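First the structure, in the form of structure tokens, and then the observations on it.
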Amino acid sequence: MRNITVSVDDATYRRARIRAAELDTSVSALVRECLGGRSGGFLTERTAANRQASHEAYVKRLDDLFTDWDARGVGLRGYHRMTRDEVHDRERARLEIRLDVAEREREMLAMELSELDARAAESAAPYQVRKTDEHAEA
């Protein structure tokens, strides 16, 4: 085994010591594992087993999720897929957003207008002239 010297700032060394203590290992072992993984070297058997188990658990969670989606009828089917051009059609997306905002503003204005009409009807009620039987016949 070869020895190498690495210089790091105090904060990095402190974090490395804390992480090594959490994993019940040494700083040298952390560096060795990091260098082996990043340089494409051989991983230790423990690291490789941990990664494999983690990957298998991740794939199982995804399978469970998609199975649940299929059971509930949620998710995308083949006919829902959009083309790349549709996904990246920003002009259309902007126009759809503007349309949505305009529709919400129209709904708000319609509600305000109906409230104004209701208030006007309430305030005009005392001034309405009642028709008598004589006026109704004429």
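The values are calculated or read from the model by the stated rules, or taken from the named source; none is laboratory data. Keep in mind it's a predicted model, so treat the numbers as computed, not measured. All accessible areas refer to the heavy atoms of the entire protein, side chains included, with ligands and DNA or RNA removed. Shrake-Rupley method; radii C 1.70, N 1.55, O 1.52, S 1.80 Å.
Quick one: check the C-alpha center-to-center distance for the stretch 1-21 versus the stretch 86-105, whole angstrom.
Taking the Cα centre of each part, the stretch 1-21 and the stretch 86-105 sit 52 Å apart.
Using a 1.4 Å probe and counting only protein heavy atoms, arrange 115, 122 so the residue with the most accessible area comes first. Please report the intermediate quantities before stating the final value.
Working: 115 100, 122 130 Å².
Largest to smallest exposure gives the sequence 122, 115.
Roll a 1.4 Å probe over the protein heavy atoms and report the accessible area of residue 83 in Å², nearest 10.
80
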